[in-house]
Structures are given as C-alpha cells and as structure tokens.
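Trainee: Have a look at the structure that comes next, please.
The values are calculated or read from the model by the stated rules, or taken from the named source; none is laboratory data. None of the values given here were measured: they were computed from a predicted structure. Don't worry about glycine lacking a Cβ; one is built from the backbone with ideal geometry, like all the others, and counts go over all protein chains shown. Just the protein is used for accessible areas: all its heavy atoms, side chains included, with ligands, DNA and RNA removed. Shrake-Rupley method; radii C 1.70, N 1.55, O 1.52, S 1.80 Å.
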Amino acid sequence: MAILAAGKGTRLKSRYPKVLHHVGGKSLLAHVVTAATRLCPPNDVYAIIGHDAERVKEAFAGCGIGFILQKEQRGTGHALMVGEEALSRYDHVLVLSGDAPLISPSTIENLRDSHLQQGSAMTLLSAVLERPYGYGRIIFRNGSREVEAIVEEKSLSASQRALREINAGFYAFATKPLFEHIRELGTDNKHHEYYLTDMAALLARAGEKVVALQAPDAHEVLGCNTRQELAEVDAELRMKKCQQLMDEGVTIYQPQTCVVDCDVAVEPDTVIEPFVQLLGATRIGAECRIRSYSVIINCELGDGVLIRNGCVMDESRIGARAVLGPYTHLRPGCHIAEGAHMGNFVEGKKLKLGKGSKAQHLSYLGDAEVGEGVNVGAGTITCNYDGFGKYPTVIGDGAFIGSDATLVAPVKIGKGAYIGAASCITDDIPEDALAIARGRQVNKEGWARQKREKSGVRSREAGQHK
Ligand code: UD1
Ligand code: CA
C-alpha cells in the first residue's frame, strides 16, 4: 500500500505539512495509517513523503511503516513514479490519499477485493457528492462502470461540472500496467503536474480495464484541502465518536458541544455534561460524572470519579470515587488516590495525594507526596523551587496542615503532625508534633483610638467620609 502524503497543502496556508494537521485529535495521516495497517502489516505500507519530510517521518517513527521520499512534489502521478522501485515488487498496489482520514478499513478492503475479482488494471474508488466542487469527476464509457477518464476540477467543461460522481483519491492498480505506462503521463495541465488521475485515460486507451467502485458512504472519502474542510471532517469524526460512546452506554448531554478525541475510552454509565473536552488517550471508568467546561488530556480515571466544573487535567491518574473541582488544575504526573478530594483553585504538579486526603481550597502542591487521610488547609503552598532546582515535600499519613502554611522544600512532615495556620515550615517535623512558625500576635490596647485622636479625627466614620 502506498499513502500519498508528500504535498504541501497550499490551500491550508500553513507552515506545517498538510498531513500533520489534526482532526479528531490526531493527524490526517495517522488516521489513514491506522486504516491501512488494519489490512496489511506495517512493513507493506509506504508513506510517500516530501514536503517537510523529516517532520512527517519523526511523527511516524516507530510505527513500522516504510517511507518513500518524493523530493520535489510534481504531482500525484510523480509520487508513484518515485515509488516504482519499492512498489513494483508487488503484483498489485493500493494507493490511499493521506488527506482523507474518514476512510474505513472495510472500504479499502472492498476496493482491493473488487479489483482482484474483476482482474482490472485500475480500480478507483468513487463517491456521489452533493457538492462535488474541487474533486476530479469521472467520465464513464456509455452507461457502463468502465472509466474513460478523470477530469480535474480546473479542466472541467461546463457540462462536466454538473457531474456528481467524483474520484475519491483511492486506487487499486495492477503494478505491471501501471509502471509500463506511468512514464506516458504529461504535465499539460493547469498546475504543470503529473496527475495520477490521468492514468485512467492512459490505461483505458491502452485497452486495459479501468473501473470505478462506488463507496457506500460518501462522507468517508472527504478530503481536507482547506481549513473549512478540516473543520467539517473534525466535526464529523467527533460526532461519530460521541455516537459510539453513547452506543456503549455513556450519557453525553448535548454531544455537539463536546470535543472527544478518537482514541478516548469511557466506561458505561458515566455522564458527560455539555462543553467537556476529553483528549488524547484519556480513559474514564464507569459511573463517573464530568461536569461542564472540564478539559481532560491523557488522563486515567477510575470508577465513580466526580469532576466538577472547569477542571484542567493533564497526564494524571485519578483513583476511584475521587472528587475534583470546581477549577482544579492537575499538571502532568499527578496521582490522586481513591476517595481523595481536591477543590477550587488547587493546583497539583507531580503530586501524589493519598487515599481520602483532602486539599479543598486555593493551594499549590508540586513535587509533593501526601499520605493517606491528610488534611491540607486552604492556601497551603509547597515552595518546591528555589530558582535553581525542584525539591520534594513529603507529608505523612493523617497530618493536618493548617491554612496558609508554606512548606519550604525539601521538607518532611511526620505522620499525624499538626501545623499551625500561616506557618512557614523550613525544617522537618517529627511524627505527631505540633509546628508553629510565625510571629506571635501582639494586641496594643487603645492604640488605634490614640492614633485617630492625634491626627484630629474624632471617629472612624468621620475619617472614612473625609
Ligand atoms: C486529488 C485528485 C482528485 C480527487 C481528490 C480526492 C489528482 C491530480 N487529483 O485531488 O481527482 O478528486 O484527490 O481527494 O490526483 N501528493 C503527493 N505528491 C504530490 C502531490 C500530492 O504525495 O506531488 C499527495 C498530497 O499530500 C495528498 C494527495 O497526494 O495527500 C492528494 O493531493 P492533493 O493535492 O490533495 O489532490 P487533490 O487536489 O485533492
Ligand atoms: Ca486532497
């Protein structure tokens, strides 16, 4: 199989190659590679790359597919000329478009089977579109399914423009006739490129069999040449994803407002409220509730977790029945254990929060290991950074951290220890000890009254209205 992925994607007006643009949470090419590798082993799949080839290669390093470099992108036909050496080892080759990510493995499979059964030299996938603008149109031989030619949008005559059966950009070729005739392609067209689509007319004229197979679902073949098409395909993929999750027992209210990436998994009886984003490889257990405006990236949630409104969570693990939010921020590397609570404006980074521990209000807990049953008071801050390095804070089981404590790391707080409010803790605290580290309160009787009298102000109210 060859995947055409060398083009620049001029119409996207981007500094990045077209096939690396994302829909449904992964690149266009990643979708096509996934479909391709469902049908054949990765070492029989070749991506033809060219524009910003290094970046594309890097994005797919390790997935086992091969690469063919098309240094200059002189058209889809030229892409296969460049691939001749690698591809002519096979009797047949399937050619996929790297920018049509909705294609399903079963459609590619049907294309292959129909091609082999009919013994064609070229079988192309077609689709009937309401809005065929921008696609090549298929010219059939008098009422048959045999193809005479494919005419690109820019070369259409007025009457051809009305044709709605388009070339989807997916082909099966018998390699022998393909490479026998490919050098006959010319560049006499608007873009001065070698069009792979011209192979249809070339092969047909040489007496070879060229047929079209219609895709059952026209949506599958939508290409992404413009930002608008990217948005349409993205919406399509995400709606499909929500439908799949709903079929599997997940409640999603107003799914059209939710952004769920293709690789996300959610167990039954979880409820997802409007305007939630579930991204990357996020896994969510059963009977969770994700309230509105939360964004969850690459996280793993156990069963029965409650995420209240407005949480932002990245690369973290949350144990069963934990409760987060509203407005909790988990930066990468957090592990929130079973039944733990984190409340509003609590930020974690590389935080281990033990079973049943609570940090409910306005805290920063970074590089911290917090035991079980710990109460972290409002406004507690771990001072984990001194401008040079990052240091750990360790808090033992059952400790009580009074509000507004600053814990200057590295520091250890023993099991069951107690910290007085507003303490600045710089030294380790032994188990079960009380630590207070702040100035003592001093009350000066009558001080305020005297101050006012001295400055000629009789009452506090008068002072305020002056
Ligand atoms: C192409 C077809 C058109 C079809 C449409 C379906 C041609 C000439 N036209 O048009 O009939 O309806 O797909 O989506 O083939 N590429 C290369 N090397 C190149 C040029 C392109 O690898 O030199 C790759 C692109 O990265 C892309 C694919 O080939 O993934 C298709 O190229 P694109 O420019 O998008 O062709 P379309 O104009 O969409
Ligand atoms: Ca295209």
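Trainee: Provide the per-residue ³J(HN,Hα) series for segment 327-335, in order, calculated from phi with Karplus coefficients 6.51, -1.76, 1.60 and θ = phi - 60°, each as a whole number of Hz, with x at glycine and proline positions.
Mentor: With the stated coefficients, segment 327-335 comes to 6, 8, 10, 10, 8, x, x, 8, 10 Hz.
Trainee: Right, another one. Tell me the per residue accessible area of segment 357-466 using a 1.4 Å probe; a whole number in Å² is fine.
Mentor: 64
Trainee: Within the set K355/K412; K18/K154; K154/K241, which residue pairs have Cα atoms separated by over 29 Å?
Mentor: K154/K241, as the Cα separations exceed 29 Å there.
Trainee: Let me ask something additional. Distance from the Cα centre of segment 264-322 to that of segment 94-151, in angstrom?
Mentor: About 41 Å separates the Cα centre of segment 264-322 from the one of segment 94-151.
Trainee: For the pair A433/S159, report the inter-label distance in nm, with labels modelled 7 Å from Cα in the Cβ direction.
Mentor: Output for this residue pair reads 9.7 nm.
Trainee: Something else: Among G134, V93, P105, whose Cα lies farthest out toward the positive end of the dipole of segment 74-161, if unit charges sit on the beta carbon of Lys, Arg (+1) and Asp, Glu (-1)?
Mentor: G134
Trainee: How many angstrom separate the Cα center of segment 36-87 from the Cα center of segment 415-451?
Mentor: One Cα centre to the other: 67 Å.
Trainee: Can you check what the net charge comes to around A35, using other residues whose Cβ is under 11 Å from the Cβ of A35 (Lys, Arg +1; Asp, Glu -1)?
Mentor: With Lys, Arg at +1 and Asp, Glu at -1, the neighbours total -1.
Trainee: Where does the charge balance sit around A286 when Lys and Arg score +1, Asp and Glu -1, over other residues with C-beta under 9 Å from its C-beta?
Mentor: Values: positive: none; negative: E267, D269, E287, D303.
Net charge around A286: -4.
Trainee: Of the listed peptides 210-217, 110-117, 284-291, what is their order by residue-averaged count of other C-beta atoms within 10 Å, with the highest listed first?
Mentor: 284-291, 210-217, 110-117
Trainee: Leaving out ligands and nucleic acids, note down the accessible area per residue over segment 265-331 with a 1.4 angstrom probe, in whole Å².
Mentor: 40
Trainee: Related question: As a test question: what accessible area, to the nearest 10 Å², does E208 have when a 1.4 Å probe is rolled over all protein chains in place?
Mentor: Looks like 70 Å² after rounding.
Trainee: Tell me, what HN-Hα J-couplings in whole Hz come from the Karplus equation 6.51 cos²θ - 1.76 cosθ + 1.60 at θ = phi - 60° for each residue of segment 49-63, using x for Gly and Pro?
Mentor: 10, x, 5, 6, 4, 4, 5, 5, 4, 4, 5, 10, 4, x, 8
Trainee: Jot down the per residue volume, in cubic angstrom and as a whole number, of the convex hull over the alpha-carbon atoms of the chain.
Mentor: Dividing the Cα hull volume of the chain by its residue count gives 226 Å³.
Trainee: Right, something else. If you count only protein heavy atoms and use a 1.4 Å probe, how large is the accessible surface of K358, to the nearest 10 Å²?
Mentor: 80
Trainee: Tell me the carbon and sulfur percent of the accessible area for segment 5-119, rounded to whole percent, probe radius 1.4 Å. List each step's numbers first, then the result.
Mentor: Numbers: 2400 of 5270 Å².
Here carbon and sulfur together make up 46 percent of the probe-accessible area.
Trainee: Please list, in chain and number order, the residues 5+ apart from D303 or on another chain whose amide H is under 5 Å from its amide H, with Hs placed from the backbone.
Mentor: Amide H to amide H, under 5 Å and 5 or more residues apart or across chains, D303 pairs with A286, A320, R321.
Trainee: So, counting K/R as plus one and D/E as minus one, what does the shell of residues with Cβ under 14 Å around N344 add up to?
Mentor: On the way: positive: R291, R308, K358; negative: E347.
Charge balance near N344 sits at +2.
Trainee: Moving on. In whole Hz, with x marking every Gly and Pro, tabulate ³J(HN,Hα) for segment 202-210 from phi via Karplus 6.51 cos²θ - 1.76 cosθ + 1.60, θ = phi - 60°.
Mentor: Once rounded to whole Hz, the list reads 4, 5, 4, 5, 7, x, 7, 8, 10.
Trainee: In addition: So what does K390 come to for accessible area, using a 1.4 Å probe and Å² rounded to 10?
Mentor: So the heavy atoms of K390 present about 120 Å² to solvent.
Trainee: Using a 1.4 angstrom probe on heavy atoms only, work out the carbon and sulfur share of the accessible area of segment 259-337 in %.
Mentor: Values: 1470 of 3050 Å².
Carbon and sulfur: 48 percent of the exposed surface of segment 259-337.
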